[in-house]
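Contents: one structure, followed by commentary.
The values are calculated or read from the model by the stated rules, or taken from the named source; none is laboratory data. Keep in mind that this is a model prediction, so the values were computed, not measured. Ideal geometry is used to build each Cβ from the backbone, glycine not excepted, and the neighbour counts take in all protein chains shown.
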Amino acid sequence: MQVNMIKLNMSAIYSELGLKNFSEFGRENVQKAKQSANNYIGKIASNGDRMAAIQSNKNIIPQIAQEETRAKDPGITMDIVPKQLVKMQIIKRSSIDILI
């Protein structure tokens, strides 16, 4: 008796939807954390340079405070997902396998 089996691979679709496996999720968040830390360090250094030149601009501290308290526009993105199709594989077997 020949039994066929269909294997569906939906990992690309899950990834598009933001449903990642643990290793992929961890890897991406480590990269984001490093990038955020580097950006913040650069911002602190830039503000320090501006404050070091306080003799040329007496209002630098209120300017920095105003820049830091300004709300950031998060923006809106609309998209259609999934963009990829489910990967399907048909496996032909010559006997019945019992999976436990």
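Lys83 meets the conditions (1) charged (D, E, K, R); (2) touching a residue at least 40 places away in the same chain (Cβ under 8 Å); (3) out of contact with any Asp or Glu (no Cβ under 8 Å at 6 or more places or on another chain) in every case but one. The failed one is (3).
If you go through the stretch 62-83 and pick out every residue that is closer than 30 Å to Ser11 by Cβ and not acidic (Asp, Glu), you end up with 9.
Can you say whether Val30 is β-branched (Val, Ile, Thr) and touching a residue at least 60 places away in the same chain (Cβ under 8 Å), as far as the supplied structure shows? It would help to see each step written out before you state the result.
Working: β-branched (Val, Ile, Thr): yes; touching a residue at least 60 places away in the same chain (Cβ under 8 Å): no.
In short, no.
Looking at the chain, the helices (runs of 4 or more DSSP H) lying wholly inside it that each contain 1 or more residues that are modelled with pLDDT of 85 or more sit at 22-52, 60-69. Scanning the stretch 66-87 for residues that are over 19 Å from the mean Cα position of the chain (by Cα) and either among the aromatic types (Phe, Trp, Tyr) or surrounded by 10 or more Cβ atoms within 10 Å (Cβ to Cβ) (or both) turns up Gln66, Glu67, Val86, Lys87.
For the stretch 8-26, give me each residue that is exposed (fewer than 11 other Cβ atoms within 10 Å of the Cβ) and farther than 19 Å from Val86 by Cβ. Once the filter is applied, which keeps residues that are exposed (fewer than 11 other Cβ atoms within 10 Å of the Cβ) and farther than 19 Å from Val86 by Cβ, the stretch 8-26 yields Phe22, Ser23.
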